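The values are calculated or read from the model by the stated rules, or taken from the named source; none is laboratory data. Quantities reported herein were computed from a predicted structural model and do not represent experimental measurements. Cβ atoms come from the backbone with ideal geometry, glycine included; neighbour counts cover every protein chain shown.
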């Protein structure tokens, strides 16, 4: 019986530590998703404008570059906040 209580205490501590670490990592994960999302969204908008206007690939390239800039800004803001 005592071993079972000891195992449960270890599981509780492990679970609490996992939750603490996940909460610490959340801002960095969010910044990574923002970086990828900005690149994809602005690239897709640029692609759509290129298809509509027939000026391929300039708006696509501009959208991708703008996506990288916006995403890196958000990533840097998250890192510097810590």
- Has the range 8-23 got at least one residue that is modelled with pLDDT under 85, over 14 Å from the mean Cα position of the chain (by Cα) and not in a helix (DSSP H, G or I)? no
- Message: Looking for something exposed (fewer than 11 other Cβ atoms within 10 Å of the Cβ) and in a helix (DSSP H, G or I) - is there at least one such residue anywhere in the range 26-37?
- Response: yes
- Note on the structure: Checked the range 53-68 for anything at pLDDT 90 or above and surrounded by 13 or more Cβ atoms within 10 Å (Cβ to Cβ); matches are 59, 60, 61, 62, 63, 64, 65, 66, 67, 68
